[in-house]
Amino acid sequence: MGPEPLEIKKENFLALFKNRKAMVKPLIMDQRFLAGVGNIYAQEALFCAGIHPERKANSIKKEKLEKLYECLISILRVAINKKGSSANTYRQLDGTQGSYIPLLKVYQREDEPCFKCKAPIRRKVMSSRGTYFCLRCQR
Ligand SMILES: [Zn+2]
């Protein structure tokens with residue numbers, strides 16, 4: 001298991017990405033790389049940091065990785081505080097919707113306007129998981 005974002009220092013987080021050629025979204029969801037980042041929070045964090053989900057990890061600028069670190073921490077903290085939104089699931093076990101849902105910025109918003117730039121949110125299947133992102137804001 002990799003470290004959890006809430007338990008790792010920024011410099012150690014940045015070091016994880018060195019020499020990693022994998023696409024960033026499946027990489028941050030890989031439990032051997034980082035623990036506890038599920039499909040939904042991975043895409044929300046990438047939107048928050050302005051990083052395209054298919055960008056190769058080692059090609060991301062340091063400032064953007066620092067932003068990704070901050071975004072992951074704030075998103076996971078809010079999710080945990082909201083209960084029913086563990087790091088991996090956003091729905092409670094009985095199927096009622098998790099209270100994090102109103103805060104989602106890209107997830108399941110295909111063709112709806114981006115909250116930052118108004119461009120339509122795109123959906124793409126990556127590693128068999130639906131992935132939502134803004135082509136204009138995420139590079
Ligand atoms: Zn946008």
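The values are calculated or read from the model by the stated rules, or taken from the named source; none is laboratory data. Just so we're clear, the structure is a prediction, and the values are computed from it rather than from any experiment. All Cβ positions, even for glycine, are placed from backbone atoms using ideal geometry, and neighbour counts span all protein chains on display.
Annotations for the structure displayed:
- Residue, farthest from the ligand (Cβ to nearest atom), within the range 115-134, restricted to residues that are under 19 Å from Lys67 (Cα atoms) and over 15 Å from the mean Cα position of the chain (by Cα): Phe115
- Hits in the range 1-38 (condition: hydrophobic (A, V, I, L, M, F, W, C), at pLDDT 95 or above and exposed (fewer than 15 other Cβ atoms within 10 Å of the Cβ)): Ala15, Ala22
- Test: residue in the range 39-60 that is on the phi > 0 side of the Ramachandran plot and surrounded by 15 or more Cβ atoms within 10 Å (Cβ to Cβ): yes
- Near pairs, Cβ below 6 angstrom, 6+ apart or cross-chain, from the range 1-13 (closer than 17 Å to Met29 by Cβ) to any residue that is part of a loop (DSSP other than H, G, I, E, B) and of a type in the set (A, V, I, L, M): Met1/Ala35; Gly2/Leu34; Gly2/Ala35; Glu4/Ala35
- Test: residue in the range 69-86 that is modelled with pLDDT of 90 or more, within 16 Å of the ligand (Cβ to nearest atom) and not acidic (Asp, Glu): yes
- Pairs where the first residue, in the range 57-70, is touching a residue at least 60 places away in the same chain (Cβ under 8 Å) and the second is of a type outside the set (Val, Ile, Thr) and in a helix (DSSP H, G or I), C-beta under 8 Å, 6+ apart: Tyr69/Pro5; Tyr69/Lys10; Tyr69/Phe13; Tyr69/Leu14
- In the range 8-28, the residues that are aliphatic (A, V, I, L, M) and in contact with a strand residue (DSSP E or B) (Cβ under 8 Å, 6 or more places away or on another chain): Ala22, Met23, Val24
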